[in-house]
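> Take this structure, written in structure tokens, and hold onto it; I'll ask about it next.
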Amino acid sequence: MKKIIIYSLLALVAMSSCESFLDTENLTKKDSSNFPENESDMEASMAAIYAAIAGINSTETIFLAGDIASDNRFGGGGQNDRGFQALTRLKRDGQDHFNNSWRNNYKGINRANNLLENVDRINWSSEEQRNAIEGEARFLRGHIYFDLARFFGRVPLVLTTEMVNLPRAEADELFAQIALDLKLAIELLPSIPYSPANNKHLGRATKWAAEALMARVFLFYTGYYRQESLPVAGSSEVIRKEQVISWLEECAYRSGHGLAKDFRGLWPYSNPATNVDYPYAREVVWEGETGDNIETIFAYKYSILATYDNTQYSNPIILTSSLRNGGGQDYEKTFPYGPGWGAGPVNSQLWDDWLEKEPEDIRRQASILDVRDPEEIEGYSWGEDRMMEETGYWNKKYIAINAHQKKEDGSIELVKYGCVLYNRTPDYKLDNTQDLVLIRYADVLLMLSELKKEAGPMNEVRARVGLPPVSYTEENLRQERRFELAFEGVRYYDLLRWHLAETELAKQHGVEVMNNGVKGYIDLSDLGKRVRETGGFFPIPQTQIELSAGVLVQDPAWTTQEAIFTGQ
């Protein structure tokens, strides 16, 4: 079995085609005068949007930033990995922090704009196919702008492929366009229930993903900006809570998605190539990544095709978030957890809070590796390659997972599970084939509880892990989101929309950590002040300000010397 993502080959075509738009000779190459011409070209154009956003460098993904900037994890990495450590402090690593993320996201937006401008020049085989392509492109553009809006605050709203130099849009304008794109996506995408037997949309946006993302957008906008409804671009229409609930209920009860039987089976440490040698997961059945996982609503799909010229086919979060590889770590002793760059060690307060508030919750050990636990791993080397902010706790959801593979000479080698299951060539920087799940069904249920202020959907999530029902309170809902969705890129943005970031993030000050093998305490004494000054948003990269000739203006909180992280 090989794991080759939907679009993986098309994306190669799309990228070579889209980068050739300036060619003057229209012989065998495609350019803007003859591309796109047909449905196949439109599919390739769609693939190029996914390629732009799924391949963002791991140190700058907004998904990972939403964890490291939260109270769930610290920056970690080595002494020179200041970008990770700056995130924890709401500071910047130099003047161009997150420039790669900015560029790639706008590349994805430009590709979506190009597709939308050309959707009606194609002779479509059916109106349904035409609508599905437009709906998918609108979902992706809304998805990208939502990431930008909740990370940078205000960004230029570019809706054309024309060369334009625009100032930062107001939040209302940004979210109104996001709402319009997602509303149209919901209306245009087909209402085809998901099933393992009908998974041709694996790795692609669906109507159900658009409904779930609309709820996430509504909760962030109305929460952070303290509004009652969500505006819609180009009209006086607004989206109210009742409409969002209706969409979410449709997603919950008509989409074909549902909760997986075992929470532990969502994560690759339970895969059949690994769990045979990993006592913790030996009896767990893995939900898989090739169509059997009914809980995944939207994910970036990765594959065996990654090379050093095409790294976007390997999951960058895995490489970044795995045990730091300094040459002294014995990965047989840490089995099944493998090598990476050591970013995002888990805040010990999360483990302690979880143990105190939900001592019987299996999700704690299912989500967090305690390297001191001999029933988990045999041994662990501290301070590898000058590891910083080390706590002894690591996330289990997005981390390199090893398996044992028998070689032709009969010997056993340690490789990533994708090398065994999908015949990937071993290379710890490129063989990370795990999906990055952006929306799963459990979040749909938790958002339903939050919007309806009812405990029922939340208690479905709790029942899956054997926990008793609880009444609905904001405190219970917030705790359930933190525990269920830990390390899934949502915690920081939840704290922002609940207006709890200042107080909750400040609690991390003084937590014990190891820096280069030496015990110390993390200094976050000015973090509350940074939240107040910045509103929780991050700076525009200086390169983009210079390219705009000053049309883009930096927020004052990011122009001071105090905003620069200079190291520990």
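The values are calculated or read from the model by the stated rules, or taken from the named source; none is laboratory data. Keep in mind it's a predicted model, so treat the numbers as computed, not measured. Positions of Cβ are backbone-derived with ideal geometry, glycine not excepted, and every protein chain shown enters the neighbour counts. Note: accessible area is taken over every heavy atom of the protein model, side chains too, but ligands, DNA and RNA are not part of it. Shrake-Rupley method; radii C 1.70, N 1.55, O 1.52, S 1.80 Å.
> Report the local net charge at LYS261: Lys and Arg +1, Asp and Glu -1, summed over other residues whose C-beta lies under 9 Å from its C-beta. Don't jump to the answer; show the numbers that get you there.
On the way: positive: ARG464; negative: ASP262, GLU287.
Local charge sum for LYS261: -1.
> Averaged per residue, what accessible surface does the chain expose to a 1.4 Å probe, in Å²?
Working: 21850 Å² over 568 residues.
Here the per-residue accessible area is 38 Å².
> While we're here: Just to check, using Stokes-Einstein with a Kirkwood Rh over alpha carbon pairs, what's the diffusion coefficient of the range 72-197 at 4 °C and 1.567 mPa s in µm²/s?
In µm²/s, the coefficient is 77.
> Working with all protein chains in place, sort ASP373, ASP361 by solvent-accessible area computed with a 1.4 Å probe, largest first.
So the residues, ranked largest to smallest area, are ASP373, ASP361.
> Continuing with this model, one more query. Take the residue pairs LYS396/LYS453; LYS301/LYS416; LYS396/LYS507 and return only those whose Cα atoms are more than 19 Å apart.
Listed pairs above 19 Å: LYS396/LYS453; LYS396/LYS507.
> In a Debye calculation with equal point scatterers on the alpha-carbon sites of the range 278-358 and no solvent, what is log10 I(q)/I(0) at q = 0.12 Å⁻¹?
Cα-only, vacuum Debye calculation for the range 278-358: -0.58.
> How big is the accessible area of LEU213 in square angstrom, nearest 10, if you roll a 1.4 angstrom probe over the protein chains?
Approximately 10 Å² of LEU213 is accessible to the 1.4 Å probe.
> If you don't mind, another one. Among residues other than THR543 whose Cβ falls under 12 Å from its Cβ, what is the net charge (Lys/Arg +1, Asp/Glu -1)?
-1
> Rg and Dmax of the range 211-326 over Cα atoms: what are they, in angstrom?
In Å, with Rg to one decimal and Dmax whole: 19.7, 60.
> Okay, moving on. Please grab the % of Cα pairs in the range 242-302 that end up more than 14 Å from each other. If you can, show how the numbers build up before the last one.
Details: 1126 of 1830 pairs.
Beyond 14 Å sits 62 percent of the P(r) for the range 242-302.
> Divide by every residue of the chain the summed helix terms, -39500 (n - 2.57) for each DSSP H run of at least 4, and state the resulting mean residue ellipticity at 222 nm, rounded to the nearest 500 deg cm²/dmol.
Value at 222 nm, helices only: -12000 deg cm²/dmol.
> With an 8 Å Cα cut-off and a minimum separation of 6 or more residues, compute the relative contact order for the range 445-556 in percent. Write out the running numbers ahead of the final one.
Numbers: 91 pairs, mean separation 15.1, N = 112.
So the answer I get is 13 percent.
> Give the long-range amide H neighbours of GLY76: residues separated by 5 or more places, or on another chain, with amide H under 5 Å away, using H modelled in the peptide plane at 1.01 Å from N.
GLY344
> Quick one: plug the Kirkwood hydrodynamic radius of the chain (C-alpha pairs) into Stokes-Einstein at 4 °C, 1.567 mPa s, and report D in µm²/s.
Estimated via Stokes-Einstein, D reaches 53 µm²/s.
> Could you list the trypsin sites (Lys or Arg not before Pro) in the range 155-210 that lie in coil according to DSSP, counting only those with at most 16 other Cβ atoms within 10 Å of their Cβ?
Sparse-neighbourhood loop trypsin sites (Lys or Arg not before Pro): LYS200.
> Next question, about the same structure. Can you give me the % of accessible surface on the range 470-532 that is carbon or sulfur? Probe 1.4 Å, all protein chains present, nothing else counted.
For the range 470-532, the apolar C and S fraction of the accessible surface comes to 48 percent.
> Given contacts defined as C-alpha pairs under 8 Å and at least six residues apart, what's the relative contact order of the range 310-398, whole-number percent?
37 percent
> Determine the sum of side-chain charges near ILE192: Lys and Arg each +1, Asp and Glu each -1, restricted to other residues whose C-beta is under 10 angstrom from that of ILE192.
+2
> Can you pull the three principal axis extents for the Cα set of the range 304-413, in Å, largest first?
48, 33, 28
> So, one more: How big is the Cα convex hull of the range 501-568 in projection, averaged over all directions, in nm²? Walk me through the numbers before you get to the answer.
Working: hull surface 22.4 nm².
Its Cα hull, projected and averaged over all orientations, spans 5.6 nm².
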